[in-house]
Amino acid sequence: MRLLAGKARVTPLKRNTTPRSELSGLLALTRLLNSLWRGFPELPIRVSLMGDSECVTNAVEAEDVALNAWFDNRVTEIQENMKKWEQDGAIVDKLHHWPTASNPADIVTKGQGTFDDIKLGGFWQTGPKVLQQPRDVWPASRDFKKGRDSIPMEIGRAHV
């Protein structure tokens with residue numbers, strides 16, 4: 001496993017809710033990967049996107065939920081990006097939850113980082129050491145509350 005690029009989103013000063021910030025971060029990640037995709041000499045065999053926002057994962061995977069327009073437009077773009085990678089032959093895993101405690105992006109977004117974290121070869125750049133081990137020992141999981149009831153009202157929850 002190689003960490004090709006790190007992404008962190010700084011929430012704008014204007015009022016922005018956590019679900020909006022988290023969804024914007026996932027959208028930025030898929031756009032970043034699309035930009036990298038065109039430059040790969042060989043396309044990746046497998047793509048795994050992981051984050052610590054369960055409500056965003058649920059919104060992206062929701063099939064029986066009407067999302068509000070702001071969320072729907074972004075979710076649609078994320079889904080289209082993931083389909084494109086599949087069409088190019090990559091295995092695209094379902095979104096996985098990664099524990100906040102070992103999420104490198106949180107170093108810069110929560111002001112908890114030190115110089116050692118962000119220096120060349122540091123945690124923010126290389127990711128958790130567990131990524132160097134077999135995938136079956138990673139703390140990423142799909143074990144969280146799923147379904148429309150886990151999607152905040154702000155995003156949308158009406159049955160389709």
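For region 32-85, the normalised intensity computed at q = 0.15, 0.23, 0.28, 0.31 Å⁻¹ comes to -0.52, -0.99, -1.22, -1.34 (log10 of I(q)/I(0), Debye sum over alpha carbons, equal scatterers, no solvent). The fraction of all Cα pairs in region 32-153 landing in successive 5 Å bins from 0 to the largest distance is 2, 9, 16, 17, 21, 19, 11, 5, 1, 0, given as whole percents. Extending 7 Å from the Cα toward the beta-carbon at both Leu120 and Glu86 defines two label points whose distance is 4.1 nm. In straight-distance terms, cross-link reach from Lys119 covers every one of the aspartates and glutamates whose alpha-carbon lies under 19 Å from its own, apart from those fewer than eight places away in the same chain; here that gives Asp106. Per-residue 3J(HN,Hα) values for region 75-84, derived from phi via the Karplus relation 6.51 cos²θ - 1.76 cosθ + 1.60 with θ = phi - 60°, read 4, 4, 5, 4, 4, 5, 4, 5, 5, 4 Hz in sequence order (x marks Gly and Pro).
Given their separation in residues at 0.36 nm each and the Cα-Cα distance between them, Ala69 and Lys94 gain 6.7 nm when the chain is fully extended.
Maximal additional length on extending the Arg46-Arg15 stretch stands at 7.5 nm, based on 0.36 nm per residue less the C-alpha distance. Qualifying chymotrypsin sites (Phe, Trp or Tyr not before Pro) in region 29-109, where qualification requires a DSSP coil assignment and no more than 11 other C-beta atoms within 10 Å, are lacking entirely. The order of the peptides 123-133, 57-67, 43-53 by mean Cβ neighbours within 10 Å, most packed first, is 57-67, 43-53, 123-133.
Read-outs throughout are calculated quantities, based only on the coordinates presented, and are distinct from any laboratory measurement. Everything quoted here is computed from the prediction, not taken from an experiment. A quick note on method: Cβ atoms are made from the backbone with ideal geometry, for glycine too, and the neighbour counts reach across all protein chains shown.
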